[in-house]
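What follows is a single structure, written as C-alpha cells, with notes after it.
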Amino acid sequence: MEKAQYAILRFAKYKGPEIGNIEAHNERTKEKYASNPDVDTSRSKYNFHLIQPERKYRAEAERQIAAAGCRTRKDSVRVVETLVTASLEFFKGKKQAEIRAYFEDALRFIEKHQSKETILSAVVHVDERTPHMHLCFVPLTEDKRLCAKEIIGNKKKLTWWQDEFWKHMVKKYPDLERGESASQTGRDHIPPRVFKEMTRLNKQRDQLEQLLCGINPFNAKNRAAEIGKLLDSYIPSVEKMQTQLKKYSGAFTETITENKNLKWKNEQLSKSLEVAEKGSVLKKMQDFQLRRDYEEAVSTLERIPQEVLDIYTKLPKKEKENAYGR
C-alpha cells in the first residue's frame, strides 16, 4: 500500500526576545545547533530564500507596526511564523527545482491571504531531514491593525487555514492529503490514493465472488483452501478501507458491530473484521460509488458460508500451503 503524503501548515506566535532566537535558527546565523541535531551544516549552503529579509526580524516588525500607527503592549504578538512542509514521503526522489516549486506554490497561497509587504522572510531549509519553509510575517490586518488572533484565529479559523491550504496545493499535487487529523476537522475530502486502494479491493472482491459462485456442501472443502488464500489479503484490505472511511469523515460514529462469522483461530487470520454500522460514515460520503463499493466488499464477506469458514480454520497447515501453491 502507498504511504500517505501530507501537506503541512503550522503557525506559531512570538511577542518579544524569542523573535531573535527564531531568526537565528531560520537564517542559520548560529555556529552550532546542539538543540537540533537534525541540522546538517554541510548542507546549509543549499538552503534558499523565496523572500530575503531586509532587516532584523524584530526591527522590521517594529518599523511596520509603527508605520501602521498600531499601539502595542508587552504581550502583543509582533511576529507570526508559518512552517510549511510535507511528509518525507512526498519529497523522496524530487529534484531541487521540484522542491522549490512546491514552496513557491505554498508562498503564493499565503500571499493570497496575507499582504506580501508584511512578510519578513521566507526561507527554505534542505539541511534537515525533511525540506521545509519558515515564513515569518507581521500580523497586520488589511485595515492596518495588529491582530494575530484575527488572522490566525481560533480553532475554527485554523481549520479553515488547513482546508484552504490543502485545496490550493492538491490542485497541482493530487496525492497530497490534508495535514491535520480528519477526526479533528470534520473533513470529507478523499485523496486519490484511497480510490486506487478501492480499485485493488474491487479486483480482490471479484476473485472472491467467483470462488463463492456455485459453492455447496459437496465442494466446500476444496473451495475453502482457495478462499482462505484470498482472504489472507482481502480481510486486511477491507479493514484498512474501513479505517480510511473513518479517517476521511468527521461524522463517523464510534459504534461498531462485530461480524461473528469472521472470528479466525488460524494464526494468519487471527484478526476479526469489524464492520461499520450502515448509516454512519457511509451515508455521509460525497462519493456514492466509493460507498457502494465498500458496502459490496463487506457484503461479499458476509456471504461466505459458515461451513466454508469452519473448514478453513480447521485445515492442516500443509494443506493450506498446497492451496497457496496452486
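The values are calculated or read from the model by the stated rules, or taken from the named source; none is laboratory data. Since this is a predicted model, take the numbers as computed values, not measurements. Ideal geometry is used to build each Cβ from the backbone, glycine not excepted, and the neighbour counts take in all protein chains shown. For the accessible areas, the whole protein counts, side chains as well, though only heavy atoms, and no ligand, DNA or RNA atoms are used. Shrake-Rupley method; radii C 1.70, N 1.55, O 1.52, S 1.80 Å.
Going through (1) closer than 23 Å to residue 152 by Cβ; (2) in a loop (DSSP other than H, G, I, E, B); (3) not acidic (Asp, Glu) one by one, residue 93 falls short only on (1). Among all residues of the stretch 144-154, there is at least one that is open to solvent by 40 Å² or more (accessible area, probe 1.4 Å), at pLDDT 85 or above and assigned to a helix (DSSP H, G or I).
Just checking, which of 127, 105 is of a type in the set (D, E, K, R) and assigned to a helix (DSSP H, G or I)? That would be 105, the only listed residue that is of a type in the set (D, E, K, R) and assigned to a helix (DSSP H, G or I).
Among the residues of the stretch 67-92, those that are of a type in the set (Gly, Ala, Ser), under 19 Å from residue 16 (Cα atoms) and either touching a Ser or Thr at 6+ places or on another chain (Cβ under 8 Å) or open to solvent by 20 Å² or more (accessible area, probe 1.4 Å) (or both) comprise 67, 68, 69. Taking every residue in the stretch 40-53 that is open to solvent by 80 Å² or more (accessible area, probe 1.4 Å) and pairing it with any residue that is of a type in the set (A, V, I, L, M, F, W, C), at least 6 positions away or on another chain, the pairs with Cβ-Cβ distances below 7 Å are 43/126; 46/126.
Of all residues in the stretch 59-90, those that are in contact (Cβ under 8 Å) with a residue 24 or more places away in the chain and part of a helix (DSSP H, G or I) total 7.
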